[in-house]
């Protein structure tokens, strides 16, 4: 009888060398700390914090407008890409504080993009990618950090904090629960309670 070979990925690729797609808690903290340093600290910190907390895709970071931000109510209206579900999200105090600092630094704009380039133009996808990669290097993270890693970090942390999958689905704007279930693969609690008989 022939033994069937199962191919789960590119040949000759060591799975340990594949790029990780989420940040460990210490890496996330280092990235946020790195974002607080530099000429554009108000923008960079607010961008990383909101992208992580609200699981924003790169296009959602770029598309976020000041009219989507309700500072007195501590609400952020997230308009999802990929036909995802739009929703108002509550913001934590540190997010409100970060956005107030950015709002003041930007000259108290009433409209326009929340995150703009040094030339006050809307960010491009490439600009956001380069910014996050640069901040990852500044933070001393050993692998190339990219914007979508912040979204994955949110998903994994929510699962590990015991948040219901349906709530995570709504928070991340997934149309299908299957997209959300990806994050259960690294649930640190998944094997708790397994016991063996002697």
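The values are calculated or read from the model by the stated rules, or taken from the named source; none is laboratory data. Since the structure is predicted, the reported quantities are computational estimates derived from the model, not experimental observations. Note: ideal-geometry Cβ built from the backbone for every residue, glycine included; neighbour counts use all protein chains shown.
Worth pointing out:
- Which numbered condition residue 85 fails, given (1) touching a residue at least 12 places away in the same chain (Cβ under 8 Å); (2) over 17 Å from the mean Cα position of the chain (by Cα); (3) surrounded by fewer than 17 Cβ atoms within 10 Å (Cβ to Cβ): (2)
- Of the criteria (1) surrounded by 13 or more Cβ atoms within 10 Å (Cβ to Cβ); (2) touching a helix residue (DSSP H, G or I) at 6+ places or on another chain (Cβ under 8 Å), which one residue 97 fails: (2)
- So residue 151, is it buried (at least 17 other Cβ atoms within 10 Å of the Cβ), modelled with pLDDT of 95 or more and assigned to a helix (DSSP H, G or I): yes
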